[in-house]
Amino acid sequence: MAVSGVAAEVVLQYMDINSRLRFSACNPTFRQFEKSYPLHIKNLSLRKKGFQIDDTIYRLGIYRTYEACTYMAIDYNREGGVQYDTAIFDRYGINEPKKIYKGSLERDMRELEKAKKKLEKLRKVVKGNAERIKEKGELTKKIRIINEKVAISKSKFEEFILLKISGKKHNEQLMVNYTEPIQEAFKDLMDRIFGGRGHQIHVRHLEILGGFENPLKTVKMQVKHLDMEYFTKLRDFEDLFFTNSPPLETARCYLQGYEDHMLLANAKLLILKVGVVESVFMFDVKKFSNPRILFKCADCFRSAHAIAFCFKKMNKAAKRHYTFEVSAENHEWYRMVRRFADEDTKNHFDERGFAFPATFTIKTNAGADLKFSADQKDDSIVTIDLELTP
């Protein structure tokens, strides 16, 4: 079906993002125009061998069909791997790791021989012994299962690359014969969706999950909010951004494993999920060049206390604004007030019955003013602000 430029532009204005991409994939004329039109994505999640655009997930995997037709073979077909087969893991990486079990042929064969010998002994047992009869049944079942595993592992199979598209409004599966490694198939998929565009891709919220490495170095995105999974490294996907990209509105990552980067340093707000920080010696304030940081410490008692005390001891005066979210239940905020305040302030705070807000200013080791403010965010969270002014 031919689509004019004017008609295509009208269609794009009223089409949701995933319908637009599906239509573009099957209509070359529309695709040419669609690639030249700015692409705006609300929520994009990039992961190993897949991604999610808003509520639709695109996921690549390996699918095999076997000649064997036992119930176990059907299960393995669905799960994408077969017992004792390590090649599929070496070549493609784990697909659906919770379902696939990488067994040991040698171990199971030893178990098989033990089970057969024990079963021979039990066959001589008197019929009336219920416990031994039950054990015989379990051994017989175990022998049958191991034999089926061995038979399936020797079966011939065909191998496919499977693309699963699943969302609230649309679900489909596409299979092609295996002709290239899945890494190359993922690169082709990324290029078909994101590549060859005349404009930067605008993303409101970009989430990077563990294991993602950008296979397409030519795609550039303009992102407002960045969310990085635990121990995700920016160096694995930094080429998604121009060097002169506008600052991120927010960048969210984890304190443990944090590596400073220009994108994180320039973000208007850096949000750090904090694990256990028991002392000032576990926290290096010098590795954080962003002057505006929110530490989310609600799940870790004493972490906020230890981190905040580092700033009090800073020998270099620089303008900084740090916020801590702590649990209202363990009274960590109260301990921080008493640790930071002078005697007059503590007495005044005690006289007021520990009422919010609590605000006072102290001097750091470098002689800078450190304004301390504590207030109740909600029933479970207390927010503590530290504003450092040279």
Residue-by-residue Karplus 3J(HN,Hα) for segment 223-237, coefficients 6.51, -1.76, 1.60, Hz, glycine and proline x: 10, 8, 10, 10, 10, 10, 6, 3, 6, 6, 10, 5, 4, 7, 9
Value of [θ]222 nm, deg cm²/dmol, for the chain, DSSP H segments ≥ 4, -39500 (n - 2.57) each, nearest 500: -10000 deg cm²/dmol
Residues whose placed amide H lies under 5 Å from that of Leu248, excluding near-sequence neighbours: Ala267, Lys268
Cross-link partners of Lys142 among aspartates and glutamates (Cα-Cα below 13 Å; sequence separation of 8 or more within a chain): Asp108, Glu111, Glu113
Per-residue Cβ neighbour rank within 10 angstrom, fewest leading, Ser289, Ser373: Ser289, Ser373
Of (1) -0.93, -1.06, -1.23; (2) -0.70, -1.04, -1.49; (3) -0.80, -1.12, -1.47, the label for log10 I(q)/I(0) by the Debye sum over Cα atoms at q = 0.11, 0.13, 0.15 Å⁻¹ derived from the coordinates: (1)
Of Lys346/Lys377; Lys35/Lys233; Lys233/Lys273; Lys49/Lys268; Lys286/Lys312; Lys49/Lys286, pairs whose Cα-Cα distance is over 25 Å: Lys35/Lys233; Lys49/Lys268; Lys49/Lys286
Simple Cβ-charge dipole of the chain, Lys/Arg +1 and Asp/Glu -1, about Cα centre, in debye nearest 20: 1540
Euclidean distance between Cα centres, segment 8-32 to segment 200-261, Å: 27
Ranked list, fewest to most other Cβ atoms within 10 Å of each Cβ, for Met190, Met228: Met190, Met228
Fewest-first sequence of Ser104, Ser153 by Cβ atoms within 10 Å of each Cβ: Ser104, Ser153
Antiparallel DSSP beta bridges within the chain, as percent of all bridges there, nearest 5: 60
Intensity falloff of segment 144-226 expressed as log10 I(q)/I(0), Debye formula with alpha-carbon point scatterers, at q = 0.20 Å⁻¹: -1.14
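Read the figures in this text as sums done on the coordinates, not as results from a lab. Quantities reported herein were computed from a predicted structural model and do not represent experimental measurements. Note that each Cβ is placed from the backbone with ideal geometry, even for glycine, and that neighbours are counted across all protein chains shown.
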